1. Can you pull the accessible area of E28 for me, 1.4 Å probe, Å² to the nearest 10?
2. In whole Hz, what ³J(HN,Hα) sequence does the range 324-336 give by Karplus (6.51, -1.76, 1.60; θ = phi - 60°), x for Gly and Pro?
3. Output the relative contact order of the chain, whole-number percent, from Cα pairs under 8 angstrom with separation of 6+ residues.
4. Looking at the chain as a GNM with Cα springs under 10 Å, which of L104, L207, L115 has the largest mean-square fluctuation?
5. Given H placed 1.01 Å from N in the peptide plane, which residues other than close sequence neighbours of W159 have an amide H under 5 Å from its amide H?
6. Of K193/K326; K181/K203; K157/K181; K27/K210; K96/K193, which ones are farther than 28 Å apart at the Cα?
7. For a test of the definition: using alpha carbon positions, the gyration tensor, and the 1.5 limit on a/c, classify the range 1-108 as rounded, prolate or oblate.
8. Output the relative contact order of the range 12-120, whole-number percent, from Cα pairs under 8 angstrom with separation of 6+ residues.
Amino acid sequence: MNSGYELYRLGEEHEAVREAVRALAEKEIAPFAAEVDEHERYPDEALAALNKAGFNAPHIPDAYDGQGADSVAANIVIEEVARVCAASSLIPAVNKLGTMNLILGGSEELKKQVLPSIAAGEMASYALSEREAGSDTASMRTRARLDGDHWVLNGTKCWITNAGISTWYTVMAVSDPDADKPANGISAFMVHKDDPGFSIGPKERKLGIKGSPTREIYFEDCTIPADRIIGEPGQGLKLAFRTLDHTRHSIGAQALGIAQGALEATIAYVKERKQFRKAIADFQGVQFMLADMGMKIEAARHLVYAAAAKVERGDSDASFASSAAKTFASDTAMQVTTDAVQLFGGAGYTRDFPVERMMRDAKITQIYEGTNQIQRMVMARQLLR
Ligand SMILES: Cc1cc2nc3c(=O)[nH]c(=O)nc-3n(C[C@H](O)[C@H](O)[C@H](O)COP(=O)(O)OP(=O)(O)OC[C@H]3O[C@@H](n4cnc5c(N)ncnc54)[C@H](O)[C@@H]3O)c2cc1C
């Protein structure tokens with residue numbers, strides 16, 4: 001036997017990250033998860049704990065005062081927080097989403113202006129979607145017009161995670177309505193919450209991730225300095241799609257964490273709950289369900305870490321892998337959490353146990369950052385290329 005064999009397991013540094021985040025999540029985030037959901041309130045305790053430990057935006061490079069975590073480490077943070085509270089896991093996940101355009105394509109000056117503040121605890125959001133431009137992002141209507149040394153933005157973005165909490169917003173808008181293709185006329189900008197003409201709407205009333213506010217944001221002659229454009233005019237949608245390659249596997253990590261939390265709660269419950277004078281864990285019908293849950297989670301975990309590593313290296317199939325990880329892990333989370341509720345019986349249907357919350361939270365992972373139908377289009381496009 002060779003216990004030093006290192007293939008197909010994470011290295012010591014990554015496992016150390018997991019140990020540290022798990023301890024923090026269990027002590028400082030888990031105790032508030034049910035109440036955050038019940039009252040649809042912001043997880044302030046999670047934000048404070050993550051900020052203090054530097055897990056709020058671990059992907060920010062060292063050069064901008066961040067932790068410089070690679071994609072696998074950043075995923076472990078998201079996974080471990082989601083294992084106890086999916087809404088709280090959107091703090092590191094959306095800080096990454098809201099800054100990746102900038103990291104991939106922004107000027108040095110803009111990076112220096114924004115990234116250290118996110119590393120220090122301010123938040124970033126990502127504004128791509130509109131009411132009439134969800135899956136079909138290129139049909140967006142928000143406009144950006146260059147006026148001297150300023151850009152002037154007009155329009156409405158919807159479904160913006162953590163809007164109202166965030167200081168910075170990565171915003172995609174049409175800067176050239178006459179471009180040869182709509183996708184070539186879109187640019188990306190960094191908008192600050194205090195910029196004139198920027199405002200936020202009321203919270204959406206959601207099925208799950210209730211601790212994470214989702215709001216519309218409005219631009220009414222919103223005026224920002226010209227150098228807040230990310231990259232060149234017309235690059236915005238390409239950058240947005242590159243960003244999604246870097247973050248879709250992180251939604252896989254979030255789904256994985258939710259599924260893992262549900263499996264652990266279920267294992268504890270079926271060992272305790274007795275029917276027919278036996279623990280229900282002794283019934284083969286229950287055991288087979290548990291085995292399927294564990295098997296799918298294990299497969300999802302490998303896909304999520306492998307995709308993160310591919311994106312980190314820039315492999316040619318990274319986009320496929322990122323979509324595959326997100327799709328498989330989110331479908332797994334939905335199946336596992338539904339089965340978890342089933343194995344809790346009537347108790348699972350109540351808010352006295354965490355699995356109904358986990359089932360409601362799992363659903364969004366099949367929808368946002370591109371629905372799982374859109375992910376399948378991305379994967380098929382890459383296969384057929
Ligand atoms: C809680 C929440 C948080 C979100 N956070 C953000 C955020 O921070 N920033 C942001 O920009 N957006 C965010 N979104 C938006 C999210 O990414 C979109 O909701 C998602 O991309 C789907 O767009 P849509 O809702 O307009 O659905 P639609 O595009 O209207 O899709 C409806 C259905 O049609 C299917 N469909 C559409 N086109 C096709 C096709 N070509 N082939 C097959 N099926 C298709 C879809 O898969 C879906 O099942 C969030 C959404 C929610 C609910």
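1. Solvent-accessible area, nearest 10 Å²: 80 Å².
2. Values, residue by residue: 5, 5, 5, 5, 5, 5, 6, 5, 5, 4, 5, 5, 5 Hz.
3. 16 percent
4. L207
5. R215, E216
6. Cα-Cα > 28 Å for K193/K326; K181/K203; rest within.
7. oblate
8. 30 percent
The values are calculated or read from the model by the stated rules, or taken from the named source; none is laboratory data. Since this is a predicted model, take the numbers as computed values, not measurements. Positions of Cβ are backbone-derived with ideal geometry, glycine not excepted, and every protein chain shown enters the neighbour counts. Accessible surface is based on the protein model in full, side chains and every heavy atom, while ligands, DNA and RNA are left aside. Shrake-Rupley method; radii C 1.70, N 1.55, O 1.52, S 1.80 Å.
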